[in-house]
Amino acid sequence: MILVTGATGHTGSRLVKNLLDQGRRVRCLLHDERNRSRIPAGAEIVSGDLQEPDVLSAALHSVATFINIAHIRFAPALIPILEREGIRRALFMSSTRRFTRFPCPSADQVIRGEEAIRNSSLDYTIIRPSMIYGGPNDNNMTKLVNHLRRWPVFPVFGNGRNLIQPVFVHDLVRVFAHCLERPETIRREYTIAGPEPITYREALSVIARALNRSVLFVPVPISLCMPLVRVYEAVSTKPRVTQEQVRRFGEDKVFDITPARRELDFSPVSFEEGIRLKLAGEA
């Protein structure tokens, strides 16, 4: 039995389906009953909050492998429970956010989560994806697609030459499946990203071409954006753009995926192919 947390999310739901398709037994911890329909048919469901020790302990009954797709910030609290319940094999999804060069509370959470995992007695694997995209409900590219589909003008924070390396969701899911099959991945960490970095402006152009749209990209200096975003964050209860997000347009997000290529047969699709699949509804 495999217990998956974060099973109703963008990556988690696809991972559960992949595991079920392989004939594996999967149990999902469901926090919000409104999201029950997002869990693929065939999975066992246990309702409860990941942060309630008694709920997690009950969900771990007869479990051989734990896969945490929920935020890695939960890891320090989860690990003592896993160790107490005798769980050995555990896979954790982390984030390349940890590599940002800017002070960032979310990056600090990732770093602390990874450190707790390394210091545990678990047979862990840390899987650290870059920006994940694919399907109609990803948090990143869908917003860009919708905007480029609707508007002929698109503001670009900075000069658009910052490098990004997004990873297609099904490529990421296959990494988890491969790690389950390979004991040599125990106590290993893998950064997972697209096959090569592209500029943010190139990514926008790929999406516009796939939509058969002509879009004017207008550079907006980050130095001019920051004061406006700061005010916007102060007055908005749920800001769609934050200072942290804008600031990160000023850095390259380039990652070495050589270990994953070598040890996991990781062969990610190009961004152009991934966007084609996304828009075709195949993801």
(Q) Are there strands (runs of 3 or more DSSP E) fully within the range 76-187 with at least 3 residues that are hydroxyl-bearing (Ser, Thr, Tyr) and surrounded by fewer than 21 Cβ atoms within 10 Å (Cβ to Cβ)? List them. (A) none
**Q.** Complete set of residues in the range 78-98 that are of a type in the set (A, V, I, L, M, F, W, C) and either more than 18 Å from the chain's Cα centre (by Cα) or modelled with pLDDT under 95 (or both)
**A.** Leu78, Ile79, Ile81, Leu82, Ile87
Q. If Val241 satisfies every condition in (1) buried (at least 17 other Cβ atoms within 10 Å of the Cβ); (2) not in a strand (DSSP E or B) but one, which is the exception?
A. (1)
Q) What are the residues in the range 127-163 that are on the phi < 0 side of the Ramachandran plot and touching a Leu at 6+ places or on another chain (Cβ under 8 Å), if any? A) Ile127, Pro129, Ile132, Leu144, Val145, Leu148, Arg149, Pro152, Val153, Phe154, Val156
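Rundown of residues vs (1) at pLDDT 95 or above; (2) under 23 Å from Thr242 (Cα atoms), yes/no style:
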| residue | (1), (2) |
| --- | --- |
| Pro105 | no, yes |
| Ile111 | yes, yes |
| Pro129 | yes, yes |
| Gly135 | no, no |
| Asn146 | no, yes |
| Trp151 | no, yes |
| Phe157 | no, yes |
| Glu181 | no, no |
**Q.** Contacts under 8 angstrom Cβ, first residue in the range 184-209 being within 30 Å of Leu91 (Cβ to Cβ), partner buried (at least 18 other Cβ atoms within 10 Å of the Cβ) and of a type in the set (Asp, Glu), 6 or more apart
**A.** Glu189/Glu114; Ile192/Asp171
Q. Ala43: crowded, with 16+ Cβ neighbours inside 10 Å and within 24 Å of Thr185 (Cβ to Cβ), yes or no?
A. yes
Q: For the range 188-207, name all the residues that are surrounded by fewer than 21 Cβ atoms within 10 Å (Cβ to Cβ) and part of a helix (DSSP H, G or I).
A: Arg201, Glu202, Leu204, Ser205, Val206
Q | Residue among Val63, Val16, Val4 that alone is surrounded by fewer than 21 Cβ atoms within 10 Å (Cβ to Cβ) and not hydroxyl-bearing (Ser, Thr, Tyr) | A | Val63
(Q) Given (1) within 29 Å of Thr125 (Cα to Cα); (2) surrounded by 15 or more Cβ atoms within 10 Å (Cβ to Cβ), identify the lone condition not met by Arg247. (A) (1)
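The values are calculated or read from the model by the stated rules, or taken from the named source; none is laboratory data. In this text the structure is predicted, and so the values were computed from the model without any measurement. Neighbour counts are summed over all protein chains in view; Cβ atoms, including those assigned to glycine, are modelled from backbone coordinates with ideal geometry.
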